[in-house]
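Before any comments, here is the structure.
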Amino acid sequence: MTKTPKLRVRKPKDPSYWMGLALKEAHKAKIRGEVPVGAVIVKDGKVISRGFNLRESKNNPILHAELIAIQKAALKLKSWRLIDCDLYVTLEPCLMCSGAIIQSRLRHIYIGTEDLKAGACCSLYQVFDDKRLNHQPKWETGLLKEESAQLLKMFFKELRKRNKDKQKLKRALPAL
Ligand SMILES: [Zn+2]
């Protein structure tokens, strides 16, 4: 008797699945003491690149999660045009990253939480909606918002506590 082979039907993954992977990247940044922001780029139902913030470790102001993911994706596709590619990022892109997103022709940008101090998508600026530019990526915000925001909140809370402890220790030490 022959067995009928089981058909493996792949269910298309929903956006929160991909944002979950971006959050995993953000955790990697946190472990290294970096502001926890993570990104993944997805094409045809597959992750083609990942990135997390490495600004502090590499002393490089442009090593934001999105820029790392964009560069890796372009190398992989051997093209600077990331056509039909979607970006999932845990924090609203800054002005620099939004520029790179437009330059690379990314299709759809999914954002975890908004950045009221530096966001260039819907907070400080709305560059993706500017019709004067030659490419307007689609975008939406609020995907796994709580998780993305909580990670950042906890990081800054711990950072403030560490800085306070340091100051306390300094004051407690006798002057030499
Ligand atoms: Zn950025």
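Derivation of every value follows stated rules applied to the coordinates shown; laboratory data play no part. Predicted model, so just to flag it, every value in this text is computed and none were measured. All Cβ positions, even for glycine, are placed from backbone atoms using ideal geometry, and neighbour counts span all protein chains on display.
For residue 44, are the conditions met, namely being more than 14 Å from the chain's Cα centre (by Cα) and in contact (Cβ under 8 Å) with a residue 12 or more places away in the chain? Show your work before the answer.
Working: more than 14 Å from the chain's Cα centre (by Cα): yes; in contact (Cβ under 8 Å) with a residue 12 or more places away in the chain: yes.
So residue 44 fits the description; yes.
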(request) Just name the residue that is surrounded by the most Cβ atoms within 10 Å (Cβ to Cβ) out of those in the range 47-62 that are within 14 Å of the ligand (Cβ to nearest atom) and without any contact (Cβ under 8 Å) to a residue 12 or more places away in the chain. (result) 60
(request) Kindly provide the set of residues from the range 98-120 that are part of a helix (DSSP H, G or I) and closer than 10 Å to residue 66 by Cβ, ordered by number. (result) 98, 100, 101
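Which residues, counting only those in the range 14-48, are in a loop (DSSP other than H, G, I, E, B) and closer than 19 Å to residue 139 by Cβ?
Here is the first cut: in the range 14-48, the ones in a loop (DSSP other than H, G, I, E, B) are 14, 32-37, 44-45.
Those that are in a loop (DSSP other than H, G, I, E, B) and closer than 19 Å to residue 139 by Cβ: 14, 37.
Just name the residue that is surrounded by the most Cβ atoms within 10 Å (Cβ to Cβ) out of those in the range 98-112 that are away from the ligand (no atom under 14 Å from the Cβ) and under 16 Å from residue 15 (Cβ atoms).
Per the criteria, the residue is 110.
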(request) Filter the range 64-82 down to residues that are over 11 Å from residue 50 (Cα atoms) and either charged (D, E, K, R) or not in a helix (DSSP H, G or I) (or both) and give me whichever is farthest from the ligand (Cβ to nearest atom). (result) 78
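Given the criteria of a type outside the set (A, V, I, L, M, F, W, C), loosely packed, with under 13 Cβ neighbours inside 10 Å, away from the ligand (no atom under 12 Å from the Cβ) and part of a loop (DSSP other than H, G, I, E, B), does residue 132 qualify? Outline the logic, then answer.
Numbers: of a type outside the set (A, V, I, L, M, F, W, C): yes; loosely packed, with under 13 Cβ neighbours inside 10 Å: yes; away from the ligand (no atom under 12 Å from the Cβ): yes; part of a loop (DSSP other than H, G, I, E, B): yes.
The answer is yes for residue 132.
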(message) Among the residues that make up the range 83-97, is at least one of them away from the ligand (no atom under 16 Å from the Cβ), surrounded by 17 or more Cβ atoms within 10 Å (Cβ to Cβ), assigned to a loop (DSSP other than H, G, I, E, B) and not small (Gly, Ala, Ser)?
(response) no
(message) Going residue by residue through the range 63-79, is there one that turns out to be surrounded by 22 or more Cβ atoms within 10 Å (Cβ to Cβ), among the small types (Gly, Ala, Ser) and farther than 22 Å from residue 144 by Cα?
(response) yes
(request) Scan the range 140-165 and report the pairs whose first residue is in contact (Cβ under 8 Å) with a residue 40 or more places away in the chain and at positive phi and whose second residue is part of a helix (DSSP H, G or I) and surrounded by 11 or more Cβ atoms within 10 Å (Cβ to Cβ), with Cβ atoms within less than 7 Å and a gap of 6+ or a chain change. (result) 144/16; 144/19; 144/20; 144/23
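When only residues in the range 23-46 that are small (Gly, Ala, Ser) and either farther than 22 Å from residue 99 by Cα or touching a Lys or Arg at 6+ places or on another chain (Cβ under 8 Å) (or both) count, which is farthest from the ligand (Cβ to nearest atom)?
Taking the range 23-46 and keeping what is small (Gly, Ala, Ser), we get 26, 29, 33, 38-39, 45.
Keeping just the survivors that are either farther than 22 Å from residue 99 by Cα or touching a Lys or Arg at 6+ places or on another chain (Cβ under 8 Å) (or both) gives 29, 33, 38-39, 45.
On the way: 29: 13, 33: 18, 38: 12, 39: 9, 45: 26 Å.
Among those residues, the one meeting the criterion is 45.
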(message) With the requirement that a residue be closer than 15 Å to residue 107 by Cα and surrounded by 14 or more Cβ atoms within 10 Å (Cβ to Cβ), what does the range 136-156 give you?
(response) 137, 139, 141
